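Structure, as structure tokens:
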There are 4 protein chains.
Amino acid sequence: MTEVTQSGAAWLSREEMDAARERLPILYVDAVPVRVDEQGVVTGVGLLLRIGEDGQVKRALVSGRVLYHERVRSALLRHLEKDLGPLALPRIPPAPQPFTIAEYFPTPGVTSFHDPRQHAVSLAYVVPVEGDCAPQQDALEFSWFSPDEVREATVLAELANGQSALLLQALAHLAV
Amino acid sequence: MTEVTQSGAAWLSREEMDAARERLPILYVDAVPVRVDEQGVVTGVGLLLRIGEDGQVKRALVSGRVLYHERVRSALLRHLEKDLGPLALPRIPPAPQPFTIAEYFPTPGVTSFHDPRQHAVSLAYVVPVEGDCAPQQDALEFSWFSPDEVREATVLAELANGQSALLLQALAHLAV
Amino acid sequence: MTEVTQSGAAWLSREEMDAARERLPILYVDAVPVRVDEQGVVTGVGLLLRIGEDGQVKRALVSGRVLYHERVRSALLRHLEKDLGPLALPRIPPAPQPFTIAEYFPTPGVTSFHDPRQHAVSLAYVVPVEGDCAPQQDALEFSWFSPDEVREATVLAELANGQSALLLQALAHLAV
Amino acid sequence: MTEVTQSGAAWLSREEMDAARERLPILYVDAVPVRVDEQGVVTGVGLLLRIGEDGQVKRALVSGRVLYHERVRSALLRHLEKDLGPLALPRIPPAPQPFTIAEYFPTPGVTSFHDPRQHAVSLAYVVPVEGDCAPQQDALEFSWFSPDEVREATVLAELANGQSALLLQALAHLAV
């Protein structure tokens, strides 16, 4: 029932994490996995299929918390490997500048993003993925969509917590 | 002895904040105040002079924590007004993309940035300031330097916690 | 019938410019004028109304060529003052990094952007405008739209050359 | 003695290109080749060794013109393959946003960048390179430097046209 940090030194029990979530903005990373051709043109965008806390099946970006004493780029790699498997070969961007930040508020309507559990601020990156992806743990499926497919209303509607807004921001940043 | 959030609902005692600082990365903003001419060319870079926790006088960027339920842009404005006074007229950037992030680790040497108190991840912005600046609270002085002056070794050496690295990153981003 | 550079030394006759347009990519700047509140939140997006070369009335961003021996930031200021008038008080961004580039091709369909006259590559910036705007020269009107209004299909359809795509990229970058 | 575009339709003789260079800003791309580890941390920065037009041996970034009807990302790939060979496997960034632009003026001192031949505006990108690099054509050598080595004064002094400033901007953007 506990989350343990990579450094091993510090950890938070579920109760302590719940308490922190009511008091502090929690730092996250969001990754938009993409397939690219040799000119860097995006040919595919990857989405996970998960069962949410409310039991509903939802699409999702790769997303997760940055741990104590963990670098942002290590957190990105950890969450990508955790969700897409050890053979995904994600290419973590060399520069730390995110293409945007997403501010998830527990109160709906403050921003486009909403997380009933917490106030989370997420650093968002586009990550080219070169290897074979296999959904891990609580993910049911991982699928590649063409840029045109992924912005269809039916796909966007399957994304939870306002992540459709973040996906559209990524597509705009990629100019696809 | 307590820090109270703007929303008023949640707050952390000094003891609770100290506990969180040992368990979670804390979200910060760093602002590099600049004077610009009508073409946007940077003519001045502003630095605070403070007495640090060790009693030493140090230069500093405008920097501070993002509170629970506070937007990043609100935190930027709050810290700029707190440090530079109510007449500073900072121009908060319209886009949320920071020019970089600075990862302050409690252990020296992991990155260029070091904060013995905590693991802090800071979103860094360049903020044009148009009004009159007057140091507030614990700041002794606020001074404008030309881009050439501010990158002199004597000035950089007065910045604490690796903020000289962040200042140089800002100057590189500004191409001055 | 000639365009004269600011430096005065070099200039291109209409015929020479037409010849260059068939041989070289031409460097442009695009500016998205915005109104912001004190926290930098975008409250308005400005669009020009022009009569296009085909005689049709069209909305447009502020856009124009970078001249020989002219800095990009000088070109931005020149085009903003030319289109919005001398009292517009545009705040040219201090950093030269554009939020995106738009590649206008003479052949439709290579990118989202199309310019039948030429291959133009435009550096795109969001520019807060603080003063009073009055349309100049060949512009019929300059109007502020709320972020929600400006992304309505009827407004987007009035933008020529694929500038609706650039406007949507700007809105995504601004997270509005 | 002629440069021919990829599209084959339009081309410029050496004389016509020389004429254009006296009249228009010419669009370039600059690439900073890097080696990265699996977390995206930069472990090496690549520089070419060339004989300049003045007969002096100089270090250089990968740099070149964007041709008529050529996409910026195609120009990046073309110049990287031309200078580093067909087995270099450059990873062209998926997003078109450059980390900065470099404005090379024929007059020294306008910006940090100087090109006696022309007014060039270059879109600058960091490009991870995964394969084997072999200098091609007029390059004598291609070498990897550690981030610490490459910022040594002796190495920076070997870069021509102010490219040392661009290299330092890239290192700042990469936070190494």
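Summary of computed values
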read-out: Expected-Rg normalisation [2.2 N^0.38 Å, Cα atoms] applied to the stretch B:61-162; value: 1.13
read-out: Expected-Rg normalisation [2.2 N^0.38 Å, Cα atoms] applied to the stretch A:47-105; value: 1.26
read-out: Percent antiparallel among DSSP beta bridges (both partners in chain A, rounded to 5); value: 70
read-out: HN-Hα J in Hz across the stretch D:12-20 - Karplus 6.51, -1.76, 1.60, θ = phi - 60°, x for Gly and Pro; value: 10, 5, 3, 5, 5, 5, 4, 5, 4
read-out: Cα centroid of the stretch B:79-104 to Cα centroid of the stretch D:58-136, whole Å; value: 33
read-out: Probe 1.4 Å, all protein chains present, accessible-area order of B:Ile51, A:Ile92, largest first; value: B:Ile51, A:Ile92
read-out: Placed amide H near A:Val36: partners under 5 Å, 5+ positions off or other chain; value: A:Thr43, A:Val129
read-out: Charge dipole (debye, nearest 20) of the stretch B:1-154; +1 at Cβ of Lys and Arg, -1 at Cβ of Asp and Glu; value: 320
read-out: Pseudo-label separations to other copies for D:Ala134 - Cα-to-Cβ vector, 7 Å, nm; value: 3.7, 6.7, 7.1
read-out: Integer Hz, Karplus 6.51/-1.76/1.60 couplings in order for the stretch A:29-37, x for Gly and Pro; value: 10, 10, 10, 9, x, 10, 9, 10, 8
read-out: Size of charge dipole - the stretch A:122-174 - debye, nearest 20, with Cβ of Lys, Arg +1 and Asp, Glu -1, no other charges; value: 240
read-out: Net dipole in debye of the protein assembly as shown [+1 Lys, Arg Cβ; -1 Asp, Glu Cβ; about Cα centre; nearest 20]; value: 0
read-out: Two-site label geometry, B:Arg117 and B:Leu87: point separation in nm, points 7 Å out along Cα→Cβ; value: 3.0
read-out: Interchain or long-range residues, amide H under 5 Å from A:Thr100's placed H; value: A:Ala124
read-out: Copy-to-copy label separations for C:Thr154, where each label sits 7 Å from Cα toward Cβ, in nm and ascending; value: 3.0, 6.5, 7.1
read-out: Chain A: angle of helix A:72-84 to the longest principal axis, Cα-based, in degrees nearest 10; value: 70
read-out: For C:Glu15, label point 7 Å along C-beta direction: distances to other copies, nm; value: 1.6, 8.8, 8.8
read-out: Ratio of the Cα radius of gyration of chain C to 2.2 N^0.38 Å, where N counts its residues; value: 1.01
read-out: Qualifying lysines (Cα of each under 20 Å from Cα of B:Lys58; at least 8 residues distant if same chain); value: B:Lys82
read-out: Chain A residue with Cβ closest to the axis mapping A onto C, distance in whole Å; value: A:Ala172, 2
read-out: Dipole-positive endmost among C:Gln136, C:Pro25, C:Leu171 within the stretch C:16-174 (Cβ charges, Cα centre); value: C:Pro25
read-out: With all protein chains modelled, accessible area of A:Ile101 [1.4 Å, Å²]; value: 10
read-out: Heavy atoms of D:Trp144: accessible area, 1.4 Å probe, square angstrom to 10; value: 80
read-out: Using θ = phi - 60° and Karplus 6.51 cos²θ - 1.76 cosθ + 1.60, couplings along the stretch C:139-152 (whole Hz; Gly, Pro as x); value: 8, 7, 6, 9, 10, 8, 10, 6, x, 5, 4, 5, 8, 5
read-out: Rounded to the nearest 10 Å², the accessible area of C:Lys58 at probe 1.4 Å; value: 60
read-out: On Cα atoms only, tilt of A:163-174 relative to the major axis of chain A in degrees; value: 50
read-out: Kirkwood Rh (inverse of mean 1/r, distinct Cα pairs), the protein assembly as shown, angstrom; value: 26.4
read-out: Sites C:Thr43 and D:Glu15, calculated FRET efficiency, Cβ-Cβ separation with R0 35 Å, nearest 0.05; value: 0.10
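The values are calculated or read from the model by the stated rules, or taken from the named source; none is laboratory data. Bear in mind that the values here come from a model prediction, so they are computed numbers and not experimental data. Cβ coordinates were reconstructed from backbone atoms using ideal geometry, including for glycine residues, and neighbour counts include every protein chain displayed. Calculation scope for accessible area: heavy atoms of the full protein, side chains included, ligands and nucleic acids excluded. Shrake-Rupley method; radii C 1.70, N 1.55, O 1.52, S 1.80 Å.
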